[in-house]
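Before any comments, here is the structure.
The values are calculated or read from the model by the stated rules, or taken from the named source; none is laboratory data. Keep in mind that this is a model prediction, so the values were computed, not measured. Virtual Cβ from ideal backbone geometry, glycine too; neighbours counted across all protein chains shown. What goes into the accessible areas is simple: the full protein's heavy atoms, side chains included, and nothing from ligands, DNA or RNA. Shrake-Rupley method; radii C 1.70, N 1.55, O 1.52, S 1.80 Å.
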Amino acid sequence: MPSHRKAPGSRCASTDAAGATEDGAEHPAARAERTSNQGALDDLLGEIVSTARQPFVALDADMMVRCANPAFLELCRVSAAEARGQSFFALGEGRWDIPPVRALLDRVLQHGDAVHDYRIEHELEGLGPRTMLANARRLSDRGFNPETLLLAIEDVTCSDAGNRARLAESLEQQVAERTADLEAEIRQRVKTRAALRASEERLRTAFRHAPAGIVEVDPRDGRLLAVNPAFCGILGYSEVELVGRTLAQITHPEDRDADREGFRRLSDGEISVYHREKRYVRKDGAIVWVEVNASLVRDAEGRPLYTVGMIADIDRRKRLERQLAERTEQLRRERNFMDAVLDTQAALVLVVDADGRVVQFNQACKAATGLDFEDMRGSSAWCQLVPEEERAAVQQQVIDRLQAGDDVVQHQNHLLCRDGTRRLILWRNTTLRDDEGRILYMIGTGVDVTEQRRVEAEAREHLEEASRLQRLQTANELATMLAHEINQPLAAIAMYAEASRQVIRQFPPDQNKLAANLERIGQQALRAGDTIRHLRAFVSRGRIDPVPIDLNAVLRGACALMAPKVGGGGIDLDLALDETLPLAMGVDVHVEQVLLNLLRNACDAIAEPRTDKGAIKVRTGRSEGMARVTVRDNGPGVDADAAAKLFEPLSSKKAHGLGVGLRISRSLIEAHGGRLWVEPQTPGGVFHFELPLAP
């Protein structure tokens, strides 16, 4: 911090090496330094004088006593307080106001000579005739101000010449030693003053080139005494324009009261540093935010000298803070909005970070599990909600696949609720990644399908029951047709049995014919048994879960059951099966039921009066990853209006039947993950159904 200060409204005066300004006045800092040095020298002088054994006194150029040792005070019979500042010639009722002493002191003062063993013979009042030896020296150009004279007086009235010489030599040695010490101290003081000047210059340079604003302020009225270029740059003023202004003139009106209170507390000693963020008004009228740190500089007696302030421009930081606050508020509103949206969703939403800790947990999760989000936030306890036997599957089929890079993973597992129940949740899982592809969050959206699965199971049961009833109806119609099929093997068995009896009556019996007849009997019996067994399997309840099946084999079995009806109606049944067709997912009896229903409808449509021969063609093949079955007949067909209502219940126009066959057939195919539809066209009816291929 520079030691100079400008008077209000004036320019700063430069100082020379001696500490004086250009106008000749001594700078306050130089004066304070000189006063401090002089006081130290006076203390040192007093210490030197007090250590002498003989009477010893230090005088100024006006012969006023500066200090004296106890021996001298005793000789003059005065106290130290009485002697200090008194005229040397007035001490002891003027006993030293004698010509020899005056001549000695004038000689030393005028010529600067050091006088040794100056003999003084005089009758001192109350002491009688005295012979004294005096040693005197002037101290000048050694940092003392005013000039100083050292005077040592030795009473040698009762001493011989040898003692006087030894005493004089001892006193001279003492004076020389003290003088050498004093000179060393003076040199040290000079070095210290030079170091102080160098330090002051460095502080002045730092003041001018500091990146932060620095000001000196008069604590009485708040006027600026000195400012550095950085402060000028903050406010857009020049140094001349700022010096002499008050802080209030450049401070934002809303901050002035707080400033006055802060500086008052600083001046009263309530605080040692005044710190706050405030606003200044620039020269161009713009508002700039700054951070102020101010402290009060006092003199040795504690009186205020000036206030030093460090000012940092924080306007950009304040703008960024406002932007951050606005962005934070915007994010808070967006988060609240998203929380509200998520909480209104019926789907469960669970968000975890890359370490598996819960980040978000909506109201649907709370309703499903009975747990509160605050109980789950920041923990990985969500995995405890998954039954132990399902945790490995969740890790392998969901987490591992997401970490491997899958975008979306679907999975279902149970959740353990607080009330002890289990809920089946169908999850759709995805990830949120950073620019480098690292996972930030894993997001799971789940639907509670517990009730849905229960309803679906009940629907499957109802569908199976309806399907079984339809199969019973179909079986009733097929029973008459199958009677002929059964009678044929039975008649053949009776015929082969009679032929076998005739062979047995022969002697010797023809063993080959007998064996052939018995083999034919067995074949016909198996044929009849297969027919009955197939009919019983068709009517039975059976399983309801899809499994891999040979679709071509199922179609051949269904066509075998329909052979009597087709053949009896004079209809050609053509099978065009794709032998490379892979296994499909389904229940064989259900697929057989659907095909029988389509074949029966085709036969009924062809049975209407016609001139040409009826024909039904069953074809299998692949279509977009599905196995497709097409049943085509040359009947009248189905127009677009009829096709739209064909699968509605009770839509049949036949004289017999419940009118639900096609609806049940469609439900069975959809339960397998496929679809059944009619292709509107006339003439000729075309029905298709598809089933998923087995994995």
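For residues that are buried (at least 17 other Cβ atoms within 10 Å of the Cβ) and touching a Cys at 6+ places or on another chain (Cβ under 8 Å), tally how many sit in the stretch 326-372.
Residues flagged as buried (at least 17 other Cβ atoms within 10 Å of the Cβ) and touching a Cys at 6+ places or on another chain (Cβ under 8 Å) within the stretch 326-372 amount to 6.
Any residue at all in the stretch 378-385 that is loosely packed, with under 13 Cβ neighbours inside 10 Å and more than 19 Å from residue 440 (Cα to Cα)?
Scanning the stretch 378-385 turns up at least one residue that is loosely packed, with under 13 Cβ neighbours inside 10 Å and more than 19 Å from residue 440 (Cα to Cα).
Just give me the residues in the stretch 115-125 being of a type outside the set (Ser, Thr, Tyr) and surrounded by 15 or more Cβ atoms within 10 Å (Cβ to Cβ), in sequence order.
Those that are of a type outside the set (Ser, Thr, Tyr) and surrounded by 15 or more Cβ atoms within 10 Å (Cβ to Cβ): 115, 116, 117, 120, 122, 124.
When the residues of the stretch 226-247 are narrowed to those that are of a type in the set (A, V, I, L, M) and open to solvent by 10 Å² or more (accessible area, probe 1.4 Å), which ends up nearest to the chain's Cα centre (by Cα)?
234
Across the stretch 316-373, which residue is farthest from residue 288 (Cα to Cα) among those that are touching a strand residue (DSSP E or B) at 6+ places or on another chain (Cβ under 9 Å) and among the β-branched types (Val, Ile, Thr)?
369
Can you name the number of the only condition in (1) farther than 30 Å from residue 222 by Cα; (2) part of a loop (DSSP other than H, G, I, E, B) that residue 339 fails?
(2)
Taking the criterion of being closer than 21 Å to residue 588 by Cβ, of a type in the set (D, E, K, R) and at pLDDT 80 or above, would at least one residue in the stretch 540-551 satisfy it?
Checked the stretch 540-551: at least one residue is closer than 21 Å to residue 588 by Cβ, of a type in the set (D, E, K, R) and at pLDDT 80 or above.
When only residues in the stretch 93-110 that are without any contact (Cβ under 8 Å) to a residue 24 or more places away in the chain and farther than 23 Å from residue 169 by Cα count, which is surrounded by the most Cβ atoms within 10 Å (Cβ to Cβ)?
If we take residues in the stretch 93-110 being without any contact (Cβ under 8 Å) to a residue 24 or more places away in the chain and farther than 23 Å from residue 169 by Cα, then 96 is surrounded by the most Cβ atoms within 10 Å (Cβ to Cβ).
In the stretch 400-462, which strands (runs of 3 or more DSSP E) lie fully inside it and hold 1 or more residues that are open to solvent by 40 Å² or more (accessible area, probe 1.4 Å), touching a residue at least 12 places away in the same chain (Cβ under 8 Å) and touching a Pro at 6+ places or on another chain (Cβ under 8 Å)?
408-416, 422-433
Take the residues of the stretch 555-570 that are open to solvent by 20 Å² or more (accessible area, probe 1.4 Å) and among the hydrophobic types (A, V, I, L, M, F, W, C): which is nearest to residue 628 (Cα to Cα)?
Per the criteria, the residue is 560.
In the stretch 639-695, what count of residues is obtained for those that are modelled with pLDDT under 80, more than 24 Å from residue 586 (Cβ to Cβ), in contact with a Gly (Cβ under 8 Å, 6 or more places away or on another chain) and loosely packed, with under 13 Cβ neighbours inside 10 Å?
Of the residues in the stretch 639-695, 1 are modelled with pLDDT under 80, more than 24 Å from residue 586 (Cβ to Cβ), in contact with a Gly (Cβ under 8 Å, 6 or more places away or on another chain) and loosely packed, with under 13 Cβ neighbours inside 10 Å.
Which of the residues spanning the stretch 299-314 are modelled with pLDDT under 90 and either open to solvent by 90 Å² or more (accessible area, probe 1.4 Å) or within 18 Å of residue 233 (Cβ to Cβ) (or both)?
Residues satisfying the conditions are 300, 301, 303.
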